1. Modelled label-to-label distance, Leu336 and Ala81, 7 Å Cα→beta-carbon offset: nm?
2. Can you pull out the trypsin sites (Lys or Arg not before Pro) in the stretch 245-291 whose DSSP state is coil and whose Cβ has at most 14 other Cβ atoms within 10 Å?
3. If you stretched the chain out fully between Ser257 and Leu166, how much longer would it get, using 0.36 nm times the residue separation minus the C-alpha to C-alpha distance?
4. Nearest 20 debye, what's the magnitude of the dipole of the stretch 165-234 about its Cα centre given +1 on Lys and Arg Cβ and -1 on Asp and Glu Cβ?
5. Output ³J(HN,Hα) for the stretch 387-402: one whole-Hz value per residue in order, computed from phi by the Karplus curve 6.51 cos²θ - 1.76 cosθ + 1.60 with θ = phi - 60°, and x for Gly and Pro.
6. Given points 7 Å out from each Cα along the Cα-Cβ axis, report the Thr239 to Phe8 separation in nanometres with one decimal.
7. Given the C-alpha atoms of the stretch 269-349, compute the convex hull and give its volume per residue in Å³.
8. Can you list residues from other chains, or at least 5 along the same chain, whose modelled amide H is less than 5 Å from the amide H of Ile106?
Amino acid sequence: MKLHHQIFIAMLAGALVGSLTAETSTLFGVPVLAGYDLVGSLFINGLKMVVVPLIVTAIINGMTSVGDGQNLGRMGLKTVALYMTTTVVAVLIGLLTVNLFSPGVIDGQPARDLLGLASDTEAVLAGIEGRGAGDFTQILMQMLPPNLIAAAADGQMLGLIVFALLFGYFLRTERNDAGRSLRDLIEGIYQVVMKITMLVIRFTPLGVFALIAATVTRTGLDAIEPLAWFFASVVVALTLHAFVFMPALVFFLARRSPLRHIQAMTPALLTAFSSASSAATLPLTMECVQNRAGVSQRSSSFVLPLGATVNMDGTALYECVAAMFIAQAYGMDLSLATQFMIVITAVLTSIGVASIPAASLVAITVILAAIGLPAEAIGLILVTDRLLDMFRTAVNVWGDSVVTVLLARSEGEEQVLQRPVADAERAAQAVNAHAAGQDQTDR
(Lines give C-alpha, C1' and ligand atoms only; values in the text may rest on other atoms or scores of the structure.)
Protein backbone atom coordinates (compact mmCIF):
# COMPACT_ATOMS: atom_id res chain seq x y z
CA MET A 1 0.00 0.00 0.00
CA LYS A 2 1.30 3.47 -0.88
CA LEU A 3 2.51 5.64 1.98
CA HIS A 4 -0.11 8.37 1.57
CA HIS A 5 -2.87 5.75 1.61
CA GLN A 6 -1.46 4.33 4.83
CA ILE A 7 -1.31 7.81 6.39
CA PHE A 8 -4.87 8.64 5.33
CA ILE A 9 -6.20 5.40 6.83
CA ALA A 10 -4.21 6.08 10.00
CA MET A 11 -5.80 9.55 10.26
CA LEU A 12 -9.31 8.12 9.94
CA ALA A 13 -8.55 5.38 12.44
CA GLY A 14 -7.04 7.87 14.86
CA ALA A 15 -10.09 10.14 14.65
CA LEU A 16 -12.42 7.18 15.22
CA VAL A 17 -10.46 5.73 18.13
CA GLY A 18 -9.94 9.17 19.66
CA SER A 19 -13.67 9.88 19.56
CA LEU A 20 -14.29 6.67 21.49
CA THR A 21 -11.82 7.41 24.27
CA ALA A 22 -11.78 10.06 26.97
CA GLU A 23 -8.91 11.74 28.77
CA THR A 24 -9.56 9.48 31.77
CA SER A 25 -9.73 6.22 29.77
CA THR A 26 -7.31 3.46 30.77
CA LEU A 27 -6.18 0.17 29.26
CA PHE A 28 -4.78 -2.44 31.65
CA GLY A 29 -4.38 0.35 34.18
CA VAL A 30 -2.38 2.57 31.81
CA PRO A 31 -3.89 5.91 30.69
CA VAL A 32 -4.75 5.63 27.01
CA LEU A 33 -3.98 9.29 26.34
CA ALA A 34 -0.48 8.83 27.78
CA GLY A 35 0.06 6.01 25.29
CA TYR A 36 -1.03 8.21 22.40
CA ASP A 37 1.30 10.97 23.58
CA LEU A 38 4.24 8.56 23.93
CA VAL A 39 3.95 7.16 20.40
CA GLY A 40 3.26 10.59 18.88
CA SER A 41 6.18 12.18 20.72
CA LEU A 42 8.58 9.41 19.66
CA PHE A 43 7.58 9.95 16.03
CA ILE A 44 7.95 13.75 16.19
CA ASN A 45 11.26 13.42 18.05
CA GLY A 46 12.52 11.06 15.36
CA LEU A 47 11.77 13.60 12.66
CA LYS A 48 13.21 16.49 14.68
CA MET A 49 16.34 14.43 15.35
CA VAL A 50 17.34 14.60 11.68
CA VAL A 51 16.26 18.20 11.05
CA VAL A 52 19.53 19.90 12.04
CA PRO A 53 21.95 17.62 10.13
CA LEU A 54 19.53 17.52 7.21
CA ILE A 55 19.22 21.31 6.96
CA VAL A 56 22.96 21.93 7.28
CA THR A 57 24.13 19.28 4.82
CA ALA A 58 21.29 19.92 2.35
CA ILE A 59 21.93 23.66 2.18
CA ILE A 60 25.69 23.23 1.85
CA ASN A 61 25.20 20.67 -0.92
CA GLY A 62 22.75 22.98 -2.63
CA MET A 63 25.12 25.93 -2.41
CA THR A 64 28.06 24.01 -3.83
CA SER A 65 25.98 22.89 -6.82
CA VAL A 66 24.37 26.24 -7.66
CA GLY A 67 27.24 27.36 -9.85
CA ASP A 68 28.60 30.90 -9.95
CA GLY A 69 27.58 33.81 -7.76
CA GLN A 70 25.27 35.21 -10.43
CA ASN A 71 23.16 32.04 -10.41
CA LEU A 72 23.07 32.10 -6.62
CA GLY A 73 21.89 35.71 -6.50
CA ARG A 74 19.23 35.04 -9.11
CA MET A 75 17.87 32.03 -7.21
CA GLY A 76 17.85 33.98 -3.95
CA LEU A 77 15.88 36.88 -5.41
CA LYS A 78 13.38 34.54 -7.05
CA THR A 79 12.87 32.63 -3.80
CA VAL A 80 12.25 35.77 -1.71
CA ALA A 81 9.93 37.27 -4.35
CA LEU A 82 7.86 34.08 -4.62
CA TYR A 83 7.58 33.64 -0.86
CA MET A 84 6.49 37.24 -0.31
CA THR A 85 3.98 37.10 -3.18
CA THR A 86 2.27 33.93 -1.97
CA THR A 87 2.11 35.22 1.62
CA VAL A 88 0.54 38.54 0.61
CA VAL A 89 -2.03 36.78 -1.58
CA ALA A 90 -2.87 34.38 1.27
CA VAL A 91 -3.58 37.28 3.64
CA LEU A 92 -5.73 39.06 1.04
CA ILE A 93 -7.75 35.86 0.50
CA GLY A 94 -8.25 35.62 4.26
CA LEU A 95 -9.34 39.26 4.44
CA LEU A 96 -11.86 38.80 1.62
CA THR A 97 -13.28 35.63 3.16
CA VAL A 98 -13.72 37.04 6.67
CA ASN A 99 -15.45 40.12 5.27
CA LEU A 100 -17.86 37.94 3.27
CA PHE A 101 -18.63 35.51 6.11
CA SER A 102 -18.58 38.06 8.97
CA PRO A 103 -18.18 35.25 11.54
CA GLY A 104 -17.94 37.71 14.44
CA VAL A 105 -21.51 38.91 13.88
CA ILE A 106 -24.39 36.61 14.86
CA ASP A 107 -27.98 37.66 14.05
CA GLY A 108 -26.75 41.17 13.36
CA GLN A 109 -25.09 41.53 16.76
CA PRO A 110 -21.41 41.34 17.81
CA ALA A 111 -20.73 37.82 19.10
CA ARG A 112 -18.42 38.71 21.99
CA ASP A 113 -20.85 37.95 24.81
CA LEU A 114 -22.38 34.95 23.05
CA LEU A 115 -19.04 33.24 22.60
CA GLY A 116 -17.32 34.05 25.85
CA LEU A 117 -13.61 33.69 26.54
CA ALA A 118 -11.98 30.27 26.66
CA SER A 119 -11.39 28.85 30.14
CA ASP A 120 -7.63 28.78 29.67
CA THR A 121 -7.30 32.38 28.47
CA GLU A 122 -5.35 33.54 31.52
CA ALA A 123 -2.87 30.66 31.25
CA VAL A 124 -2.23 31.37 27.59
CA LEU A 125 -1.75 35.09 28.22
CA ALA A 126 0.72 34.27 30.99
CA GLY A 127 2.68 32.13 28.56
CA ILE A 128 3.06 34.93 26.02
CA GLU A 129 3.36 37.79 28.50
CA GLY A 130 6.12 40.21 27.60
CA ARG A 131 6.26 39.09 24.01
CA GLY A 132 5.28 41.30 21.12
CA ALA A 133 6.69 43.54 18.43
CA GLY A 134 9.95 43.85 20.35
CA ASP A 135 10.63 40.20 19.64
CA PHE A 136 11.10 40.98 15.96
CA THR A 137 14.45 42.61 16.69
CA GLN A 138 15.62 39.29 18.09
CA ILE A 139 15.24 37.76 14.65
CA LEU A 140 18.31 39.72 13.51
CA MET A 141 20.21 38.40 16.51
CA GLN A 142 19.17 34.84 15.68
CA MET A 143 20.71 35.18 12.23
CA LEU A 144 24.18 35.29 13.81
CA PRO A 145 24.02 33.19 16.98
CA PRO A 146 27.11 33.20 19.22
CA ASN A 147 26.78 29.44 19.74
CA LEU A 148 25.53 27.27 16.88
CA ILE A 149 25.12 24.22 19.10
CA ALA A 150 22.95 26.15 21.56
CA ALA A 151 20.93 27.62 18.69
CA ALA A 152 20.29 24.15 17.30
CA ALA A 153 19.29 22.86 20.74
CA ASP A 154 16.83 25.76 21.14
CA GLY A 155 15.30 25.12 17.73
CA GLN A 156 16.54 28.43 16.27
CA MET A 157 16.91 27.29 12.68
CA LEU A 158 17.55 30.74 11.21
CA GLY A 159 21.09 30.91 12.56
CA LEU A 160 21.89 27.43 11.24
CA ILE A 161 20.54 28.36 7.82
CA VAL A 162 22.68 31.50 7.66
CA PHE A 163 25.76 29.57 8.74
CA ALA A 164 25.12 26.80 6.22
CA LEU A 165 24.62 29.36 3.44
CA LEU A 166 27.91 31.06 4.29
CA PHE A 167 29.74 27.75 4.69
CA GLY A 168 28.45 26.45 1.37
CA TYR A 169 29.21 29.69 -0.43
CA PHE A 170 32.85 29.75 0.65
CA LEU A 171 33.27 25.98 0.27
CA ARG A 172 32.54 26.52 -3.42
CA THR A 173 35.70 28.61 -3.66
CA GLU A 174 37.96 25.92 -2.20
CA ARG A 175 39.24 24.12 -5.30
CA ASN A 176 42.09 22.20 -3.64
CA ASP A 177 42.11 18.59 -2.48
CA ALA A 178 40.94 19.54 1.02
CA GLY A 179 37.92 21.37 -0.40
CA ARG A 180 36.96 18.44 -2.62
CA SER A 181 37.34 16.00 0.26
CA LEU A 182 35.17 18.15 2.51
CA ARG A 183 32.47 18.39 -0.18
CA ASP A 184 32.53 14.62 -0.58
CA LEU A 185 32.31 14.18 3.20
CA ILE A 186 29.27 16.47 3.50
CA GLU A 187 27.62 14.73 0.54
CA GLY A 188 28.16 11.39 2.27
CA ILE A 189 26.69 12.68 5.54
CA TYR A 190 23.68 14.01 3.64
CA GLN A 191 23.04 10.64 1.99
CA VAL A 192 23.26 8.83 5.35
CA VAL A 193 20.92 11.34 7.03
CA MET A 194 18.41 10.80 4.21
CA LYS A 195 18.53 7.04 4.85
CA ILE A 196 17.85 7.63 8.55
CA THR A 197 15.01 9.94 7.52
CA MET A 198 13.49 7.22 5.35
CA LEU A 199 13.66 4.82 8.30
CA VAL A 200 11.69 7.26 10.46
CA ILE A 201 9.21 7.88 7.63
CA ARG A 202 8.32 4.18 7.60
CA PHE A 203 6.67 4.72 10.99
CA THR A 204 4.66 7.75 9.81
CA PRO A 205 1.25 5.95 9.81
CA LEU A 206 1.73 4.84 13.42
CA GLY A 207 2.83 8.31 14.51
CA VAL A 208 -0.03 9.99 12.64
CA PHE A 209 -2.56 7.63 14.24
CA ALA A 210 -1.32 8.52 17.73
CA LEU A 211 -1.21 12.28 17.07
CA ILE A 212 -4.74 12.40 15.65
CA ALA A 213 -6.14 10.14 18.38
CA ALA A 214 -4.60 12.32 21.11
CA THR A 215 -5.95 15.53 19.53
CA VAL A 216 -9.50 14.19 19.13
CA THR A 217 -9.44 12.73 22.66
CA ARG A 218 -8.51 16.11 24.14
CA THR A 219 -10.62 18.47 22.05
CA GLY A 220 -13.47 16.31 20.82
CA LEU A 221 -15.12 16.87 17.48
CA ASP A 222 -17.72 19.14 19.12
CA ALA A 223 -15.12 21.74 20.12
CA ILE A 224 -15.71 23.81 17.00
CA GLU A 225 -19.48 24.21 17.48
CA PRO A 226 -19.38 27.52 19.43
CA LEU A 227 -17.04 28.97 16.80
CA ALA A 228 -18.33 27.18 13.72
CA TRP A 229 -18.47 30.27 11.49
CA PHE A 230 -14.96 31.35 12.42
CA PHE A 231 -13.67 27.81 11.88
CA ALA A 232 -15.44 27.65 8.51
CA SER A 233 -14.07 31.05 7.46
CA VAL A 234 -10.49 29.99 8.12
CA VAL A 235 -10.89 26.61 6.43
CA VAL A 236 -12.57 28.12 3.35
CA ALA A 237 -9.85 30.76 3.02
CA LEU A 238 -7.09 28.16 3.42
CA THR A 239 -8.82 25.95 0.85
CA LEU A 240 -9.06 28.78 -1.68
CA HIS A 241 -5.39 29.60 -1.26
CA ALA A 242 -4.16 26.00 -1.28
CA PHE A 243 -6.40 24.50 -3.95
CA VAL A 244 -7.17 27.45 -6.23
CA PHE A 245 -4.39 30.04 -6.17
CA MET A 246 -1.40 27.75 -5.61
CA PRO A 247 -2.45 25.14 -8.22
CA ALA A 248 -2.98 28.03 -10.66
CA LEU A 249 0.67 28.99 -10.15
CA VAL A 250 1.77 25.42 -10.84
CA PHE A 251 -0.40 25.21 -13.96
CA PHE A 252 0.24 28.63 -15.52
CA LEU A 253 3.80 29.43 -14.37
CA ALA A 254 5.39 26.01 -13.97
CA ARG A 255 3.35 24.49 -16.83
CA ARG A 256 2.83 21.32 -14.84
CA SER A 257 -0.14 19.35 -13.50
CA PRO A 258 -1.27 20.53 -10.05
CA LEU A 259 -2.93 17.14 -9.47
CA ARG A 260 0.35 15.35 -10.01
CA HIS A 261 2.04 17.72 -7.57
CA ILE A 262 -0.66 17.12 -4.97
CA GLN A 263 -0.18 13.38 -5.42
CA ALA A 264 3.57 13.75 -4.97
CA MET A 265 3.21 15.85 -1.80
CA THR A 266 0.36 13.93 -0.12
CA PRO A 267 2.53 12.10 2.48
CA ALA A 268 4.16 15.36 3.59
CA LEU A 269 0.85 17.24 3.69
CA LEU A 270 -0.88 14.58 5.79
CA THR A 271 2.09 14.47 8.17
CA ALA A 272 2.11 18.27 8.45
CA PHE A 273 -1.61 18.20 9.23
CA SER A 274 -1.15 15.56 11.91
CA SER A 275 1.96 17.01 13.56
CA ALA A 276 1.14 20.74 13.16
CA SER A 277 4.88 21.36 12.74
CA SER A 278 6.54 22.59 9.55
CA ALA A 279 10.01 21.98 10.96
CA ALA A 280 9.26 18.41 11.99
CA THR A 281 7.77 17.72 8.55
CA LEU A 282 10.77 19.14 6.69
CA PRO A 283 12.59 15.80 6.22
CA LEU A 284 9.51 14.24 4.65
CA THR A 285 8.86 17.40 2.60
CA MET A 286 12.34 17.20 1.10
CA GLU A 287 11.93 13.51 0.35
CA CYS A 288 8.62 14.11 -1.45
CA VAL A 289 9.85 17.12 -3.43
CA GLN A 290 13.03 15.38 -4.58
CA ASN A 291 11.99 11.76 -5.04
CA ARG A 292 8.31 12.12 -5.89
CA ALA A 293 8.05 15.52 -7.61
CA GLY A 294 11.40 15.20 -9.37
CA VAL A 295 12.94 18.49 -8.21
CA SER A 296 16.73 18.44 -8.07
CA GLN A 297 18.59 18.46 -4.79
CA ARG A 298 20.18 21.71 -5.96
CA SER A 299 16.86 23.57 -5.91
CA SER A 300 15.05 21.81 -3.08
CA SER A 301 17.91 22.05 -0.59
CA PHE A 302 18.18 25.77 -1.29
CA VAL A 303 14.48 26.66 -1.03
CA LEU A 304 12.81 24.27 1.42
CA PRO A 305 14.86 24.85 4.62
CA LEU A 306 14.41 28.60 4.23
CA GLY A 307 10.70 28.18 3.55
CA ALA A 308 10.16 26.02 6.63
CA THR A 309 11.53 28.91 8.69
CA VAL A 310 10.12 32.08 7.11
CA ASN A 311 7.37 31.16 4.61
CA MET A 312 4.09 30.87 6.51
CA ASP A 313 1.20 31.36 4.09
CA GLY A 314 -1.33 29.53 6.25
CA THR A 315 -0.17 31.23 9.44
CA ALA A 316 -0.38 34.73 7.92
CA LEU A 317 -3.88 34.00 6.58
CA TYR A 318 -4.99 32.68 9.96
CA GLU A 319 -3.64 35.72 11.80
CA CYS A 320 -5.59 38.06 9.52
CA VAL A 321 -8.87 36.14 9.82
CA ALA A 322 -8.50 35.77 13.60
CA ALA A 323 -7.83 39.48 14.13
CA MET A 324 -10.75 40.47 11.90
CA PHE A 325 -13.05 37.97 13.63
CA ILE A 326 -12.18 39.33 17.07
CA ALA A 327 -12.68 42.90 15.86
CA GLN A 328 -16.11 41.97 14.48
CA ALA A 329 -17.00 40.19 17.72
CA TYR A 330 -16.16 43.36 19.67
CA GLY A 331 -18.33 45.45 17.33
CA MET A 332 -15.48 47.42 15.76
CA ASP A 333 -16.13 49.02 12.37
CA LEU A 334 -12.77 48.68 10.64
CA SER A 335 -11.90 51.12 7.89
CA LEU A 336 -10.04 50.12 4.75
CA ALA A 337 -6.89 51.76 6.17
CA THR A 338 -7.14 49.67 9.33
CA GLN A 339 -7.72 46.49 7.35
CA PHE A 340 -4.71 47.32 5.19
CA MET A 341 -2.65 47.71 8.37
CA ILE A 342 -3.86 44.27 9.49
CA VAL A 343 -2.71 42.81 6.15
CA ILE A 344 0.77 44.33 6.42
CA THR A 345 1.13 43.35 10.08
CA ALA A 346 0.00 39.77 9.39
CA VAL A 347 2.58 39.41 6.58
CA LEU A 348 5.42 40.79 8.68
CA THR A 349 4.54 38.91 11.86
CA SER A 350 4.18 35.60 10.03
CA ILE A 351 7.84 35.98 9.06
CA GLY A 352 9.12 37.69 12.17
CA VAL A 353 7.74 35.40 14.86
CA ALA A 354 8.25 32.08 13.05
CA SER A 355 10.80 30.87 15.60
CA ILE A 356 9.10 32.31 18.72
CA PRO A 357 7.12 29.98 21.02
CA ALA A 358 3.34 30.29 20.53
CA ALA A 359 4.17 32.19 17.34
CA SER A 360 0.65 32.64 15.98
CA LEU A 361 -0.78 33.76 19.31
CA VAL A 362 2.03 36.26 19.77
CA ALA A 363 1.42 37.65 16.27
CA ILE A 364 -2.33 37.94 16.85
CA THR A 365 -1.81 39.85 20.12
CA VAL A 366 0.48 42.26 18.24
CA ILE A 367 -2.24 42.84 15.62
CA LEU A 368 -4.89 43.30 18.32
CA ALA A 369 -2.75 45.89 20.06
CA ALA A 370 -2.25 47.71 16.75
CA ILE A 371 -6.00 48.09 16.25
CA GLY A 372 -6.76 48.90 19.88
CA LEU A 373 -8.16 45.62 21.24
CA PRO A 374 -7.11 44.00 24.56
CA ALA A 375 -4.89 40.94 24.56
CA GLU A 376 -7.58 39.06 26.50
CA ALA A 377 -9.66 39.02 23.30
CA ILE A 378 -7.50 36.18 22.06
CA GLY A 379 -9.50 33.96 24.38
CA LEU A 380 -12.31 33.95 21.81
CA ILE A 381 -10.35 31.70 19.45
CA LEU A 382 -8.41 29.37 21.76
CA VAL A 383 -10.96 26.56 21.53
CA THR A 384 -10.30 25.98 17.83
CA ASP A 385 -6.64 27.00 17.74
CA ARG A 386 -5.20 23.47 17.89
CA LEU A 387 -7.43 22.12 15.11
CA LEU A 388 -6.83 25.13 12.88
CA ASP A 389 -3.10 24.88 13.58
CA MET A 390 -3.16 21.53 11.79
CA PHE A 391 -4.85 23.03 8.73
CA ARG A 392 -2.57 26.06 8.46
CA THR A 393 0.59 24.00 8.94
CA ALA A 394 -0.38 21.81 5.98
CA VAL A 395 -0.89 24.96 3.90
CA ASN A 396 2.52 26.25 5.01
CA VAL A 397 4.20 23.06 3.79
CA TRP A 398 2.18 23.06 0.58
CA GLY A 399 3.27 26.65 -0.11
CA ASP A 400 6.93 25.72 0.38
CA SER A 401 6.63 22.86 -2.10
CA VAL A 402 4.87 24.97 -4.74
CA VAL A 403 7.51 27.69 -4.56
CA THR A 404 10.22 25.03 -4.90
CA VAL A 405 8.55 23.69 -8.05
CA LEU A 406 8.23 27.20 -9.50
CA LEU A 407 11.88 27.96 -8.82
CA ALA A 408 13.03 24.66 -10.28
CA ARG A 409 11.03 25.23 -13.46
CA SER A 410 12.34 28.78 -13.76
CA GLU A 411 15.84 27.33 -13.58
CA GLY A 412 15.10 25.09 -16.55
CA GLU A 413 14.50 21.77 -14.78
CA GLU A 414 12.38 19.87 -17.30
CA GLN A 415 12.04 16.67 -15.25
CA VAL A 416 9.85 18.32 -12.57
CA LEU A 417 6.47 16.54 -12.31
CA GLN A 418 7.02 14.97 -15.71
CA ARG A 419 7.15 11.33 -14.65
CA PRO A 420 4.66 9.29 -12.64
CA VAL A 421 5.35 9.38 -8.93
CA ALA A 422 6.40 5.72 -8.97
CA ASP A 423 9.28 6.58 -11.34
CA ALA A 424 10.17 9.94 -9.81
CA GLU A 425 12.78 8.60 -7.37
CA ARG A 426 14.92 7.21 -10.17
CA ALA A 427 14.53 10.45 -12.11
CA ALA A 428 15.56 12.56 -9.12
CA GLN A 429 18.62 10.42 -8.51
CA ALA A 430 19.66 10.81 -12.14
CA VAL A 431 19.23 14.59 -12.00
CA ASN A 432 21.18 14.88 -8.75
CA ALA A 433 23.97 12.77 -10.21
CA HIS A 434 24.04 15.02 -13.26
CA ALA A 435 24.15 18.12 -11.03
CA ALA A 436 27.05 16.64 -9.07
CA GLY A 437 28.93 15.92 -12.29
CA GLN A 438 28.27 19.44 -13.54
CA ASP A 439 29.53 20.80 -10.23
CA GLN A 440 32.81 18.93 -10.66
CA THR A 441 33.14 20.47 -14.14
CA ASP A 442 32.52 23.98 -12.80
CA ARG A 443 35.25 23.53 -10.23
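1. 2.8 nm
2. Loop-located and lightly packed - Arg255.
3. 29.2 nm
4. Approximately 260 debye in magnitude.
5. Computed from phi, the couplings for the stretch 387-402 are 5, 5, 4, 5, 5, 6, 5, 4, 5, 4, 5, 4, x, 4, 5, 5 Hz.
6. With each label point 7 Å from Cα toward Cβ, the separation is 1.7 nm.
7. Residue-normalised Cα hull volume stands at 109 Å³.
8. Placed amide hydrogens put Ala111 under 5 Å from Ile106.
The values are calculated or read from the model by the stated rules, or taken from the named source; none is laboratory data. If you're wondering where the values come from, they're calculated on a predicted model, not measured in any experiment. Please note: Cβ atoms are built from the backbone with ideal geometry, for glycine as well, and neighbour counts cover all protein chains shown. To get the accessible areas, we keep the full protein, side chains included, count just its heavy atoms, and leave off ligands, DNA and RNA. Shrake-Rupley method; radii C 1.70, N 1.55, O 1.52, S 1.80 Å.
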